[in-house]
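J.: Dumping the structure here so I can ask a few things about it.
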Amino acid sequence: MEAVVQRDALTRFGHALSDATRTQILLSLRVGPAYPSELAERIGVSRQILSNHLACLRGCGLVVAAPEGRRSRYELADQRIATALGDLLELVLAVDPACCPASDTDGCC
């Protein structure tokens, strides 16, 4: 596995958080390790969709799979990811609707 520089690590983290399903996966794994079937049920997506997002998160270096027989258990790759997510959850953002008037319909900001 290749180590990435700080800028690239932040870019990968941002990419992961840019999708609501990947964000839900990361927040769920923040609580503790889980199996894909549990995650899919908890988040409310199909196993195939979950599998695609887990592959993305693995590729970004944010989660790892721990093989257990025929199954794999997923967990955050580093406990500092859980800490970072906790810090981000505590942020309060002042959003200016004038900067993004289409936010209600287009989903930006």
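Here, each number is a calculation from the coordinates, and none is a lab measurement. Everything numeric in this text was worked out from a predicted model, so none of it was measured. Using ideal geometry, Cβ is built from the backbone for each residue, glycine included, and neighbour counts are taken over all protein chains shown.
J.: For R73 and A9, what does the FRET efficiency come to when R0 = 30 Å and r is the distance between their Cβ atoms, rounded to the nearest 0.05?
T.: For R0 = 30 Å, the calculated efficiency reads 0.80.
J.: Of all the C-alpha pairs in the range 1-47, what % are more than 12 Å from each other?
T.: Of the Cα pairs, 66 percent sit more than 12 Å apart.
J.: Sticking with this one: Enumerate the residues in the range 26-49 having an amide nitrogen under 17 Å from the point lying 7 Å beyond the Cα of A20 toward its Cβ.
T.: Counting only backbone N, you get 26-28, 40-46, 49.
J.: In terms of the Cα gyration tensor, with a ≥ b ≥ c the square roots of its eigenvalues, is the range 47-106 rounded because a/c is under 1.5, prolate because a/b exceeds b/c, or oblate?
T.: oblate
J.: Through the Karplus equation 6.51 cos²θ - 1.76 cosθ + 1.60, θ set to phi - 60°, convert the phi angles of the range 26-38 into ³J(HN,Hα) values in whole Hz; use x for Gly and Pro.
T.: 4, 5, 5, 6, 4, 6, x, x, 7, 8, x, 4, 5
J.: A follow-up question, please. Report the relative contact order of the chain, percent, no decimals, based on alpha-carbon pairs under 8 angstrom and at least 6 residues apart.
T.: 22
J.: Related question: Enumerate the amide H contacts of A65 below 5 Å, restricted to partners 5 or more residues apart or on another chain; note that Pro and chain-start residues carry no placed amide H.
T.: It is none; the list stays empty.
J.: Shifting gears a bit: For the range 1-98, count the residues as N, evaluate 2.2 N^0.38 Å, and divide the Cα radius of gyration by that value, please.
T.: Ratio of Cα Rg to 2.2 N^0.38 Å: 1.13.
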